[in-house]
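*Asks:* One structure is given below, represented as structure tokens, and several questions about it will come after.
Since every read-out is calculated from the coordinates, none of them should be taken as a lab result. Predicted, not measured: the structure shown is a model, and the values here were computed from it. In this analysis, Cβ positions are derived from the backbone assuming ideal geometry, glycine residues included, and neighbour counts consider all displayed protein chains.
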Amino acid sequence: MLRIVGILVLILLMISGVVSIAQQSEQLYYIQTSSPIYSIVPGSIFVQPLNTSTELYIAVLLNFTNVSSLLNYLNEIYLSPSLFHKWLSPYQFREYYYPPQSYINSLITYLKSYGLHYDGQYGLALVFNGNVGEIEKAFNTYINIYYYPFKDLYWFGQIGITDIGPFYYFSNNITPSLPYNVGKYVLGIVGIDSLDPKVVSLIKQDAWKLNITRVGQGLISKVVISPLTIQQYFNFTLAYEHGFTGKGSDIAIEGVPECYVNVSDIYAFWELYNIPRTGSLTVIMFGNDTSGGQSAENELDAEWSGAFAPGANVTIVFSDGYVGGVNLVGNLLNYWYEYYYMVNYLYPNVISISVSVPESYLAAYYPAMLDLIHNMMLQAAAEGISVLAASGDWGFESDHPPPNFRIGIYNTIWYPESDPYVTSVGGIFINASSNGSIVSFSGWDYSTGGHSVVFPAQYYELTSLIPFTPTYARTYPDIAFVSAGGYDIPEFGFGLPLIFEGQLFLWYGTSGAAPMTAAMVSLPGVRFGALNYALYHISYNGIVVSPIGTFQGLVAWIPVTSGNNPTPAHYGWNYVTGPGTYNAYAMVYDLLLYSGYSV
């Protein structure tokens, strides 16, 4: 299995995104991310050119204007004492790094000159429609129909999705290009190729589905573990006693596209557990396609983040069929737009994510989408926004849910969890007594961990104070918290509460670990930015090594030495829990020390 992309390839894919060359007398800009590794799926059979009169909707995705300068600035604000944590505002970021409107207008004018109809701008996505002949001429490419004769879809040398073929699809067979002056800030194009719709629906159905059950059904714990029990055991309550409640913080929650929540459920949860909420709750919806139904996932996120940070404001953002009004790549553009809106207009302290896409799928088939989301993570990091994402619920590099592992068939970790500027939150299982108190905990056996196929090992991994941190690729998780638990139940049983559709449900999953940990990060009401730089430089004995000094903090990390996914949890970094779980008050204390605040 390919573990690390070569440095040259990484620079081309993740930083440049496109390559300019001179061809004869005209300088062209080749849009490499629109000709991904598998633009034509290996083993496919050419059928015929796609009819030139066929109408397609496409989105032209824009890059930042000076990515190398941005990466240098990020190094300065995370590693240099002189600019340490000197965050940019959203306005400053757009002024420095977004393409100017004059450039965007020239690109629109150029594409309209080939007959394409301009449908609108959605941040860094420009949507057009036109027939195949017009698109081929505008982008100097050809689009053909292919037949994939096999039942399984492979990527990076392993099976990615089983039993979806055979199928027909269309794709470009020549790398698209534009004249340099209108193409220089184009990151990629989506909509000029397609895969069987089963691929997108499978990802939405399985990756974005919370494991819940009604009380009285399934593998149910005889006691329900309350938020207060977890808060007391992991020292959230001590943080509250010191005045850290999340007051002054904003937590933004990534919504499942084409879904909605019932806010009465969320308020009912807080009332049921006597949560002293002083922060607000807001739901923002773009578009009106809610065909995905009511999102238990996002109700869980709001209920538990709001419970663990009672003073923080909580906002859920849904993009419901908004971008362009059509599904160009499933609902991935709408998924991206939620991040775009958060970092540009909400400007939260923390973003909590429980909605993900397989990294290797994006890297193989839609690298332009991965790059577009990655740019939002870069912007979040520059603005001091901490982004936390659930590591996944299916074990080590697998996408087959419990109770049975299927290791060695799939090569799936999740994105944006694998992004260098995102903190991936793995899971622990808490064993409860017959009265609902916590007796012990272990690494949750279905906590996902693994290696990135896109990103190399990061600075904070290479210089980590956590024993056994891998240094051969970006790996995760980076921290872990409660994902399952109960009394006298297996690890895929249900013992944690959720109010959904007006009823008490029970759940398991790292979907809960991410919002609870996001709440912990929000407690002091300050900006920490990309957390991994701090987390990997807080040692097990409380020594905190920061660019601005070395400090004696509190013992925040709790190593986890039992549990298997099926790789074993052990002292030091492991694929189940990363460095481990945490004492909430001590972790807040150490994060403040690392960032230069007096505590």
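*Asks:* With unit charges on the beta carbons (Lys and Arg positive, Asp and Glu negative) and the dipole taken about the Cα centre of the chain, which residue among TYR347, LEU107, SER80 sits farthest to the positive side?
*Replies:* In the chain, that residue is SER80.
*Asks:* Here is a follow-up. What distance in nm separates the two pseudo spin-label positions at GLU241 and ASN51, each 7 Å out from Cα along the beta-carbon direction?
*Replies:* Placing both labels 7 Å along Cα→Cβ, they lie 7.3 nm apart.
*Asks:* Also: Quick check: pseudo-label points 7 Å beyond the Cα along Cα→Cβ at ARG94 and GLN552, how many nm apart are they?
*Replies:* The modelled label-to-label distance comes out at 4.8 nm.
*Asks:* May I pose another question? With charges only on Cβ, +1 for K and R and -1 for D and E, what is the dipole size of the stretch 266-324 about its Cα centre, in debye, rounded to 20?
*Replies:* 200
*Asks:* Moving on. How many percent of DSSP beta bridges within the chain run antiparallel, rounded to 5?
*Replies:* DSSP beta bridges in the chain are roughly 70 percent antiparallel.
*Asks:* Quote to one decimal, in nm, the extra length available between THR290 and ARG214 on full extension: 0.36 nm per residue of separation minus the C-alpha distance between them.
*Replies:* Between THR290 and ARG214, full extension yields 25.0 nm more.
*Asks:* What percent does the relative contact order of the chain come to when contacts are Cα pairs within less than 8 Å and at least six residues apart?
*Replies:* 17 percent.
*Asks:* Using a basic spin-label model with each label point 7 Å from the Cα along Cα→Cβ, how many nm lie between VAL439 and LYS222?
*Replies:* 1.0
*Asks:* Work out the length of the dipole vector of the stretch 448-599 about its Cα centre, built from +1 on the beta-carbon of each Lys and Arg and -1 on the beta-carbon of each Asp and Glu, and round it to the nearest 20 debye.
*Replies:* Here the size comes out at about 320 debye.
*Asks:* So if we plug the beta-carbon distance of ASN72 and ASN181 into 1/(1 + (r/R0)^6) with R0 = 30 Å, what FRET efficiency do we get, rounded to 0.05?
*Replies:* 0.75
*Asks:* Now, a different point. Just want the answer: with Cβ charges of +1 for Lys and Arg and -1 for Asp and Glu, which residue in ALA368, SER398, PRO420 is farthest toward the dipole's positive end in the stretch 340-446?
*Replies:* Result: SER398.
*Asks:* If you place +1 on the Cβ of every Lys and Arg and -1 on the Cβ of every Asp and Glu, how big does the dipole about the Cα centre of the chain come out, in debye to the nearest 20?
*Replies:* In debye, rounded to 20, the chain gives about 640.
*Asks:* How much length would be gained if the chain were fully extended between VAL545 and LEU272, taking 0.36 nm per residue of separation minus their Cα-Cα distance, in nm to one decimal?
*Replies:* Stretched fully, the VAL545-LEU272 segment lengthens by 94.1 nm.
*Asks:* Follow-up. Provide the gained length on full extension for the span TYR571 to SER80, in nm with one decimal, where the gain is 0.36 nm per separating residue minus the Cα-Cα distance.
*Replies:* That works out to 173.7 nm of additional length.
*Asks:* Tell me, what is the Rg over Rh of the chain, with Rh the Kirkwood radius over Cα pairs?
*Replies:* Reported Rg/Rh (Cα atoms, Kirkwood Rh): 0.96.
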